[in-house]
Amino acid sequence: LKGAIGWQISSPAMASLGGRSRGSLLPQVWRSCSATQKIRQALCGAEFPDPPLWQPPRRFGTRPRPTADALRSPGPREASGTASAARWPPHSWARSFSSGDTGQPPEEEAQTGSSSETSPTSTSLAPMPPGAPPPGDLTTAAGMEELLRGGSKYDAKRCSGCGAWLQSHNPEEQGFVPAEARDNFSASGRKKTRKEPMGVPVDWVPDGVEVLRDPSPKYKVRTRMLVCMRCYRLQHYHRTVAPVSGGFYRMEGGREWEHEAEIVEKVVRRMRKGSIVMMMVDILDFESSLVPELIDACRNRRFPIVFVVNKVDCLPQSGRDKGLDRVKAWVRRMSRQLKNARIDDIVLVSAQNAYGFADLENRLRHHLEPSDPKNIYVVGRVNSGKSTFVNRFLWYVGFKHQGTVHYKRTVGGVTRSPVPGTTLHFVSFNLPKGFRLIDTPGIPSQCQVTNLLSEGIDLYSSLPRRKLRPISYVLHTGRSLLVGAMVRIDQVKGAFSFVTAFFNPAVTLHVCQTNRVEDLMARKAGDFFYPPHSREDCERLGPLVRHRVEVIGSSDRAWDDIVIAGLGWLAVSGYGSKEIDVWVPSGVKVFRRPSLLPQEVRHRGVTRFHPNHRARGHRVFRKKNAIVKERRDRELRKALREQQATMEADQAAPVEVPGNVSFVEDDVELLPGYSVVKAPRGESSGTARSQDAEE
């Protein structure tokens, strides 16, 4: 009993039990209700009612599972008629996370008068923001964050897309769901939908009429899960009206995070002991997606780490080598940066098409045993593909309780989007045999380009989501390459270079003379060069900062890559050494590394520059015009609202009338039977009265 409860049993309690040994104490407690009453009274110092509620536990497998409310906080006694339901007092580890707990239920505290004003040891709880868990929340304990998610048999209390606590009273906070929308779902947060075919249903078909069956899955029943308004807009419209702060990125006291080490500590502190960690690494942003603080924190707690290198499907495959053998060799060489990581623990996968999941399954068998279920945490940098990986992994293992997921449309399941910090809390999924897969919030970064962008179209244009289409240009000394409106590449010294650009196809590329760059950027940034797609966002980035990089190349291959954190990289080839200036926004890091794909210039050749090759077309121009129209409408609405507010204020203001002004003018023609009568003394205006009224 001491090991199960974690409390010391006093000598009077042991004496009241007849001096039994601790080994035989636990069976006797359940047999004797009076002994149980004495133990509770000795431990808590309070008298509990003794209704026949404390019964021996049922056999294994038959005891009902506690609800999420019972897991979140022990709660006070609940009165039911004349009998009050007494719960077992909270454990010591649970009591340590509730400030100002006096060990008594709220009713007894109110009667005894114990409060923050009378007791010097008690502390008052700070007001929690909307959407936050209750004050008695136990999520700071290791392993408790993932246990508090509503399952299929319980009320949906968390968003299945981001893990935020659902609420319906503050639209500006996380987890907001309109009350009328929530009524359309069941208590567990599910809703069955089915697309009805066009036409009129009939009871019978005449003879000779052929009946055709549509085998397509568009008419099958689909299951939709309850998500918050923010996740709904991200999934269906790929945009959000305003950034939602809070969640895991809100520190104690309500302040926002300042350094990524705070988020690392907050994530690792909530991991259950003995779990396994799968760390996601973005192959397209290898250096920025590695988090050394996260690796050290997991190893200090002795968590086995499996490095999952994601997004290998976005790499171009050209030449004779259609596989990823060269990429695997490059990752093994770069694994020295992972601080002595085992080669077998580095697996190349694609969360988009489930490539490499069989190798990952074989590697997980080395760390997992069916008889010893563990928690599997998916951690990593923001925008590294964690949520996409979780959705695809659940599909791979045959998980049936996630609802309908559209992988190409990114609708359903855990919300995935290029907006940093999409996942706000732990999102847990119960797997067979007691295993649990948990998606964690991403570790934010202040050195990536995506940290400076706010519009949805800019974020979707910057991050690669499909296979890259590299293109090679020739640069001479005195010529520059403009990558969107954010990056500028100048060749300062050396012979001509072949620069192969690996960026999202939605990013514009332009080659021009170096002395014309400032004039072009001043006139066409946001219009002809994007992202960003608006001039206001380009001005918000501020002046660019120069980084000088020295690279070495050969005539037929590239030896060095220049990486812009969060955007892409450039492979520089051409005989001899060269000095290149890389201009990026302030705070964005630039790396030089061994070339990942050195043979692309040989396989694809050099392209003669043409302004319409990339990221320009009718679709992009329609989106840009829509952005301009939306901003103009927003400014017009703001001006109209200010004008209307000014008019209402003027109408509501009191009107001052001089005392010598009459209410009825002198030259007014009155109707027959009416005359003007002077007001009595003290009144300043005259009134028109009817003669009949006077009489």
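The values are calculated or read from the model by the stated rules, or taken from the named source; none is laboratory data. Note that this is a predicted model, so its numbers are computed, not measured. Backbone-built Cβ (ideal geometry, glycine too); neighbour counts: all protein chains shown. These accessible areas exclude ligands, DNA and RNA; they are computed on the full protein's heavy atoms, side chains included. Shrake-Rupley method; radii C 1.70, N 1.55, O 1.52, S 1.80 Å.
Which of the residues that make up region 265-311 are open to solvent by less than 10 Å² (accessible area, probe 1.4 Å) and of a type in the set (G, A, S)?
Of everything in region 265-311, those that are open to solvent by less than 10 Å² (accessible area, probe 1.4 Å) and of a type in the set (G, A, S) turn out to be S275, S288, S289.
A297 passes all but one of (1) more than 20 Å from the chain's Cα centre (by Cα); (2) more than 17 Å from V378 (Cβ to Cβ); (3) not charged (D, E, K, R); which number fails?
Unmet condition: (2).
Inspect all residues belonging to region 242-259 and state whether any of them is of a type in the set (V, I, T) and either more than 28 Å from N170 (Cβ to Cβ) or open to solvent by 60 Å² or more (accessible area, probe 1.4 Å) (or both).
No, because not a single residue in region 242-259 is of a type in the set (V, I, T) and either more than 28 Å from N170 (Cβ to Cβ) or open to solvent by 60 Å² or more (accessible area, probe 1.4 Å) (or both).
Restrict the check to region 225-234 and report whether at least one residue is under 18 Å from P178 (Cα atoms) and open to solvent by 70 Å² or more (accessible area, probe 1.4 Å).
yes
Just one of the numbered conditions (1) out of contact with any strand residue (DSSP E or B) (no Cβ under 8 Å at 6 or more places or on another chain); (2) free of Cβ contacts under 8 Å to residues at least 60 places away in the same chain; (3) farther than 24 Å from H366 by Cα is not true of D296; which one?
(3)
In region 462-489, which residues are of a type outside the set (A, V, I, L, M, F, W, C), open to solvent by 10 Å² or more (accessible area, probe 1.4 Å) and more than 27 Å from the chain's Cα centre (by Cα)?
Correct list: R469, P470, H476, T477, G478, R479, R488.
Quick check: anything in region 555-564 farther than 29 Å from V382 by Cβ, open to solvent by 30 Å² or more (accessible area, probe 1.4 Å), assigned to a helix (DSSP H, G or I) and of a type in the set (K, R)?
No - not one qualifying residue is present in region 555-564.
State whether one or more residues within region 152-160 are in a loop (DSSP other than H, G, I, E, B), of a type in the set (D, E) and modelled with pLDDT under 85.
yes
Please work out which one of (1) aromatic (F, W, Y); (2) closer than 20 Å to Y473 by Cα; (3) at pLDDT 90 or above is the condition F591 fails and give its number.
So F591 meets the others, but not (2).
Within region 240-252, identify whether any single residue is of a type in the set (D, E) and touching a residue at least 40 places away in the same chain (Cβ under 8 Å), and answer yes or no.
The answer is no, given that none of the residues of region 240-252 is of a type in the set (D, E) and touching a residue at least 40 places away in the same chain (Cβ under 8 Å).
Restricting attention to region 566-583, does a residue exist that is within 22 Å of M486 (Cβ to Cβ), without any contact (Cβ under 8 Å) to a residue 60 or more places away in the chain and either out of contact with any Pro (no Cβ under 6 Å at 6 or more places or on another chain) or among the hydrophobic types (A, V, I, L, M, F, W, C) (or both)?
No.
Scan region 528-540 and tell me whether some residue there is modelled with pLDDT under 90, open to solvent by 20 Å² or more (accessible area, probe 1.4 Å) and touching a His at 6+ places or on another chain (Cβ under 9 Å).
yes
Scan region 458-466 and tell me whether some residue there is assigned to a helix (DSSP H, G or I) and not hydroxyl-bearing (S, T, Y).
yes
List the pairs whose first member sits in region 256-285 and is under 10 Å from V309 (Cα atoms) and of a type in the set (A, V, I, L, M, F, W, C), whose second member is assigned to a loop (DSSP other than H, G, I, E, B) and open to solvent by 30 Å² or more (accessible area, probe 1.4 Å), and whose Cβ atoms are under 9 Å apart, counting only residues at least 6 apart or on separate chains?
Hits for this filter: I283/K311; L284/K311.
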